[in-house]
Structures are given as C-alpha cells and as structure tokens.
Amino acid sequence: MKVRSKFLVGSGIIVITLISLAYLGFTQSKTYYHTITELSTLQGTSLRQRMRVSGNVKIGTIAHVPGSVDFVLTEQGKDLRVSYVGRDPLPDTFKDGAQALVEGKMMPDNRFEAEQVQAKCASKYEAAPNQTSGSPQPGQTSNGVDARPAGS
Amino acid sequence: MDILGSFSLLLAFLAAVYAMGAGIAGIVTRKTLLTKSARNAGMAVFVLVTLAVACLEYYFFTDNFSMAYVAAHSNRALPFYYKFAALWAGQEGSLLLWTWLLSTYAFFAIFINRNKHPELMPYVGVVLASVQTFFLTLNNFVASPFAVLAGADPSGVMRVSALSDGHGLNPLLQYPEMVIHPPMLYLGYTGFTVPFAFALGALLGRYPGEKWIHITRRWTMIAWCFQSIGILLGAHWAYAVLGWGGYWAWDPVENASLLPWITGTAFLHSVMMQEKRGMMKVWNIWLVFTTFMLCILGTLLTRSGIVSSVHAFAQSSIGNWFVGFLALVFIVCCASYWKNRDYLRSDNQLDSLVSRESSFLFNNLILLAACFAVLWGTLFPVLSEWVVGNKISVGPPFFNKVNIPIALFLLLLTGVGPLLAWRKTSFDALKRNFAWPLSGGVLAGVIALVFGFRDIYSLICLILGVFVTLTIFSEFFRGARVIAGRDGSNLISAVGELTMRNTRRYGGYVVHFGMVLIFIGIAGVPFNKDVQKEMSIGQTLNIGPYSILCQNFDRVQNGNYDSERATLEVFRNGKSEMMLYPERRFFLASQVTETMVAVQSSPLRDLYIVYAGRSPETGQPVIHAYLNPLVKWIWFGGIVVVLGTGLALLSNRRAALVFRPVTEQAWGDRLPARVSPVGAIAQRGDAND
C-alpha cells in the first residue's frame, strides 16, 4: 500500500472511532431546553427527555417537604410544579421571585422532577441588557471564565 | 482631565484607520514615505490607547464616580489592587483591555521589524491596523468605557452627576488570581493576532520562502504561553473560589479559551513540517487563520451570551458586531487564499508512515478533531436550534468521551514523535529508542494494577506518562553524556549546556514534561471522593483516611460581609492533623453569597471542604468534603510548561557562530543541514530538533 493511502486508512479509523464516541456521549448527555409554555404541547417520547426549563419562582410557593423541596415556576402566566430531589443544598440565591433554571424530567403527574436547580437572585447584578453600567451578570464573570452559582 | 481618556481613544481610532488606509495606499502606489507614515501611525495607536487605559485607571484610583464604568465596578473601600483590576470587570473595560494588549503586540511587532522585511511589513501593518480598527470602533462607538453619569437638573438641562460611592466589584472577582488571570488570557487571545497578520501578510504579498514562519513561530509561542497560563489560572480560580470541587466543567466560556489553544498547539507542531520539509503550507496558513478566528469567536462567546451557558443568562447586542467581523475575516482569508493558492504548493511528499512527518500529521489531525469536537459541543445548542428548531445542549459526558482518547493518543505521540526520524525510521532505531522507556511504562502499569488501580483511562495515562517521561529523560541523558564525555564536565552542567545549545528542542521537551504532569494530575479525577453530610457540633464525617470533627459553628461579621463559619478539626489515624475553617460569606454591598473553600493541599491529594449551606429540611449546616487526588500536579505542571516555553524562546548559545547561515535557508530538501552545532548530536540525525 502506498504511504498516502496508509495514512488515509489510519486517519479514517481514528475519525470513525471518534465520531462513534461522540455519538455515544451525545445520546448520554443531550438535554433539551424548553419553555413552560412548550411543555404542555410536548407529547410522547419528547416528554421523557432530559430537559432544562427556566422561569421565576412563584412567590410563596416554596415548600420544604420530606424528601424534596417543592415550588412553582412561572413564566408568561404559565405555571409548572417542580419538586427538587437533589442532594445538594439549594443555592442561597434561590428565593421567592428569583429566576431559576431547573434540570430534570417530567413526571407522569405533570410534575417536574429536578435534580439540579440554579438560581439568580434579583440583585444589582441583574442589570437589564445594554444598560450603560454593564455590570457582569451573575454566573458569568467578565473575563472568560464561567462562574457557577454556589451549590450547583 | 475627564475627557482626555475618551479623546485619546478617539484619536487612536483615527490613527488606526489612517494606518490601514495609508498602508494600503502605500502598497498600491509603492510610495515608501506613505508606507512609513502608516507604520508610524500604527505605533501611535499603542501610545494613544495606553493613554486611554491610564486615564481609566486614574478614574478608578481617584474614585471618580461620575464615570459610569467606575461607579459600576468600584467603590471607595476597595483595595487598590482590585481597583486596578476593576478595569476589566465589565464589558467596556474588558474590550478596552483587549484593544490595549493588541496594540501593545502590534507596536512591538512593528517596532522590532521596522528596518526588516520591507516587502512583508507593510502588509502586516495593514492587517494589524484593520483588526485594531474593528476593536477601536467597538471601544469608541459601541461600548465606550468613558460614559459619564448624567441627570437632568430641575430646569431640564442634563448635567454630569456623580455617585457618592460606587457599586463595588463583584465579590467573585475579589480574588488575587482575578488580577492576573484576565490579562493573561487576553494576552493569549490578542497575541494570536500577530501570527495571523504575518501569515495573511505573507500570503497577500506572496512573500517568498518560509521566513514568515520563522518570524511568527516565536510570536505564536508567546501567545500560546500566555493562553496556557490564562487557562490554568482560570481553572485554578474556579477550583479555589467557586466551591464545587472541580476545575473544569466544559462550560462554553471555558471551551472558548481552549479552542485557540488547541489550534495554536497544532500550529506550533506543524510549523516544523514547513520549516524542515516545505510541506503543509496550506494547512499551516489555515491553522493560523483558524486560530485567530477562534480567538474572535471566543471573545464573541464570552461577551455576547450567544451560547447561553446555564450560568450565563447574559445577552448583549455586541455579539452582532463580532459575528460581522468574523464573517469579514473569513471572507478575506478565503479570498486571499484562493487568489494566492499556487504560492502554497508543497515541496515534498510524505515518505513513510513511521516518520516524524507522519507523527506530526497525526498530531495535527487529532488536535483538530479535539478542536472540532469541543467547538461542536459548544455551539450545539445554537446549531440544533437552527436546524431542528429545538435547543439541545450536550454535557460533560460528550466532551469527555471524545477528548479523553484524543488526549491519551496525543500523550503517546508526545513520547513517540520526537524520537522518530524525518522521512523514515528504521526498525532498529525504533527498538533502540523505545525499548527502555516502553518497558518502564509497562512496568509502572503492572505495579499500579497490582495495587488495585482499576480505572482503564487513568491506567493508560500512567503508563504513557511514565513512557514519555523516560523518553524525555533519556534524550537529555544521551545528549548530556556525549557533551560530558567530550568536555570532561559533570553530567548536570552538561544538561544545561545541551539545553542552551538547542533551546527550542530541549525547551520543547520541558514543555512536554509539564504536559505529562498535567495529565497525571487530571488522571486523578476517577479517584475523587466526596461526602456530604448534615453536621452538628461534635459529629464527625469520614472521607478517605481522614475523619473530620465538627467543633463549632459561628458567625463572623464585619462591615463588608456576614459570614457563617465552621470550625473543623481533621484527624488522620486518630491523630489531629489540622484545623479547617470553611465559610459562607454574605457580602452586604452586593447582596451576594460566596463560599470560602478550605483546602488542605498536598502533592498526593487535596482535602477540599465546602460549607454548603443549611439543609432545606432540617436547617442544619451541611458540610461537603471532597478528596481530590493529584490536583496539585496540574498547577505544578503548568509552571513547568511555562518555564519550558520560556526556555524555548531563548536564543541558542553559539548559534550565531555555527548555524545562522544554515537556518536562513533550512527548508525544503536541505533537511540534514539544520542539526545542532554539537557534532555528537549531529551524528544522531534521526532525532534532530
């Protein structure tokens, strides 16, 4: 075999291996983003996917019950009941009215079971986009490194 | 004084525009005077931007809270070093820092070569000025750091107003590394502009030979070194400050900094193919182009929030500018490549699969695959939304599945590549060079296996790490022994002599060794342990060989923050070893809670303790303890990498006497010409440089 074709075969093997690994990793970790409004329209298998949903914590709905923390996420008038079943303490920023991002799965009873909750409190850092002050957003420092909220 | 900053920034913009316009005119009309004036304008940009930066720093140090940017990111009580670092705490200042570092690079690139390469430098100057024009446009017209706070007075006239005190710096940024990490990373990002300018300049000007490669290799190494420092400092900051027990999470913002580093690494290797064999010219040009574009993309991802990482909900319109610029750069690159593609014809073909060339090819292929995978994973939410209308993100399993095998294969090549000869390596040479190190590696693996080392990737990493280390040491040893034998010196000084005679090669080995240390550190991950427990006073938590006794919880209050603190005593084998004090601080000014991690670090393992908050159910304090083996090796490896790069940047001792004339034309077929001046090493033609 000529050197060139040997090289091509070698490269081909490497590339195919990597693609299959990538596919495997992809199926294991893909997560869908959905809005609360979209959730009600989902059907069948797409309801069983792992997903991320964001919204605001409805004021007065946080309830500590044995085994979980229940609360309601709201977005554009639509509500979603969430049960947080994770091990980690909730971030301090998780309060009434906070903007939260939950990751987990829909349960058959239309409850969202979250394994992770990330939250952003209504602090001065929550400046609207394009404000002249240009404050860094929480969770994203201005220098290229991502800051994950404590407890995430 | 208040307008000096914005005025000099505006002048800088005009100077950059002039440098670009006059530069192009100078090239077209071939008028030397015009070219010279463009060059001077290019250097003036640096002076003007420096002035603007100095002004902004002055506003910070004088607590000028009529400046919007200062008011948003500083306060009177802030320590002076954080006032200094507050310059890059927000969007506007970060972009100014970008521009300033870029102009610094541009200044030196132009200044050092002011009397050299008259056919190449005008093009380089134009490219540099164009990039600067873009960033100065942003600085002046889109995200000016010099906006003043103003309000209407009772009669309706706008007047400058000032706050009595600023909002303060984000507590997450109040950490020593934050003073040096962003400039380092930006020095990396901006530094890749210089090789880009030389590559594009050489292509546009059809500059003969491989000289641009020689000039840019050094600049690339400098940028690469800063990028490495920046990435590692960022990882260390994430580890020490964010309190989640890890240092890398494949977050878009992290990935953004890794991408140009990967292609930069690929370029630093494949560049040798072009220098020695006149091959891969197209590839190299595109690697440089890609690296630069990835730097812009990285800035775009960081600044715009296009890929909304879970943590960054940030949105900003500035992204469109970067997308536009990126598209423009891509079009210019494609067009100049298409127009001058015949200039990049290769001089040689691949001779054998077992050769230095092919190891470089595989190295590049693999690095590019890694880069592509990381890029793909990072942009996947955007791509999937475009294609199927559904935003899908991928997590660490995706990145790890692809990148761990790639990294291990690279580690293998790190050991194998430098010992293969150019063109073709004989089986005897292979046996001679590899028998020892390979058996050492396998032996280490067997020993580890006996001691219950079961993680396959970590085991391979260990074997390869030992193998690569042994090949590196044997290289030093062989060369040094010859020198010691001839000069009658001892082996240690012979190693120094050897290194100084060919800094690039031996510096490269040191960098490789540093990478091995980093790999070993990362290989500790599968052995991480963590325990989380609600604790009350008098309870203990067991992790690995340690048991942690909770002695007390108390509150510390001062003007800056309220803190909940745990006092923990750490026992090992029943003996008290140390006290640790993890805290949770609530910063009053910014209303932000921050974790203060308590870490006890040793070369073998880090004991990393987080006061995680109070349990949602019982209200008891929760302590999260992590046992992370070998993390320290990563930081130490980073230092070795930096030292090695520094070494490789030094000039060769005696080089001027012996092989300067040879290097000048050391390309194409004249391969054996560029051997070290040391006769003894020259005999081993299979492994030169």
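The values are calculated or read from the model by the stated rules, or taken from the named source; none is laboratory data. As the structure is a prediction and not an experimental result, all values here were calculated from the model. With ideal geometry, Cβ positions are generated from the backbone for all residues, glycine too; neighbour counts draw on all protein chains shown.
Among B:Ala54, B:Ala72, B:Ala89, which is the only one that is more than 17 Å from B:Ile180 (Cβ to Cβ) and at pLDDT below 90?
B:Ala72
Within the stretch A:7-18, the only residue that satisfies the criterion of being loosely packed, with under 15 Cβ neighbours inside 10 Å and either at the interface with another protein chain (Cβ under 9 Å from one of its Cβ atoms) or in contact (Cβ under 8 Å) with a residue 24 or more places away in the chain (or both) is A:Val15.
In the stretch B:562-592, the residue that is surrounded by the most Cβ atoms within 10 Å (Cβ to Cβ) out of those that are within 14 Å of chain A (Cβ to nearest Cβ) and free of Cβ contacts under 8 Å to residues at least 40 places away in the same chain is B:Arg584. The listed residues are B:Val511, B:Val570, and the only one of them that is in the same structural domain as B:Gly441 (by TED's automatic domain parsing) and among the aliphatic types (A, V, I, L, M) turns out to be B:Val511.
Results for (1) within 29 Å of B:Met500 (Cβ to Cβ); (2) crowded, with 18+ Cβ neighbours inside 10 Å; (3) among the charged types (D, E, K, R); (4) in contact with a Leu (Cβ under 7 Å, 6 or more places away or on another chain), shown as yes or no for each residue.
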{"residue": "B:Asn403", "(1), (2), (3), (4)": "no, yes, no, no"}
{"residue": "B:Leu462", "(1), (2), (3), (4)": "no, yes, no, no"}
{"residue": "B:Val468", "(1), (2), (3), (4)": "yes, yes, no, yes"}
{"residue": "B:Gly485", "(1), (2), (3), (4)": "yes, no, no, no"}
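Scanning the stretch B:618-636 for residues being surrounded by fewer than 22 Cβ atoms within 10 Å (Cβ to Cβ) and either free of Cβ contacts under 8 Å to residues at least 12 places away in the same chain or small (Gly, Ala, Ser) (or both) gives a total of 1. Just wondering, is there one or more residues in the stretch B:215-231 that are assigned to a helix (DSSP H, G or I), more than 21 Å from B:Gly508 (Cβ to Cβ), within 13 Å of another protein chain (Cβ to nearest Cβ) and out of contact with any Cys (no Cβ under 7 Å at 6 or more places or on another chain)? No, there is no match, as no residue in the stretch B:215-231 is assigned to a helix (DSSP H, G or I), more than 21 Å from B:Gly508 (Cβ to Cβ), within 13 Å of another protein chain (Cβ to nearest Cβ) and out of contact with any Cys (no Cβ under 7 Å at 6 or more places or on another chain). Condition check: without any contact (Cβ under 8 Å) to a residue 24 or more places away in the chain and either surrounded by fewer than 22 Cβ atoms within 10 Å (Cβ to Cβ) or among the aliphatic types (A, V, I, L, M) (or both). Does B:Ala249 satisfy that? Judged against the criteria, B:Ala249 is not a match. Taken over the stretch B:153-193, the criterion of being surrounded by 24 or more Cβ atoms within 10 Å (Cβ to Cβ), within 11 Å of the chain's Cα centre (by Cα) and within 11 Å of chain A (Cβ to nearest Cβ) is satisfied by B:His181, B:Pro182, B:Leu185, B:Tyr186, B:Gly188, B:Tyr189. The requirement of being within 30 Å of B:Ile27 (Cβ to Cβ) and of a type in the set (Ser, Thr, Tyr) is satisfied by B:Thr99. Among the conditions (1) more than 9 Å from chain A (Cβ to nearest Cβ); (2) crowded, with 18+ Cβ neighbours inside 10 Å, the only one that B:Phe380 does not satisfy is (1). Screening the candidates A:Val65, A:Val82, A:Val72, A:Val53 for the property of being in the same structural domain as A:Leu101 (by TED's automatic domain parsing), exposed (fewer than 12 other Cβ atoms within 10 Å of the Cβ) and of a type in the set (A, V, I, L, M, F, W, C) yields one hit, A:Val65.
In the set A:Asp92, A:Asp96, A:Asp70, A:Asp79, which member is in contact (Cβ under 8 Å) with a residue 12 or more places away in the chain, in contact with a strand residue (DSSP E or B) (Cβ under 8 Å, 6 or more places away or on another chain), at the interface with chain B (Cβ under 7 Å from one of its Cβ atoms) and not in a helix (DSSP H, G or I)?
Answer to the selection: A:Asp92.
Determine if the stretch B:417-432 includes at least one residue that is within 12 Å of chain A (Cβ to nearest Cβ), small (Gly, Ala, Ser) and outside any helix (DSSP H, G or I). No - not one qualifying residue is present in the stretch B:417-432.
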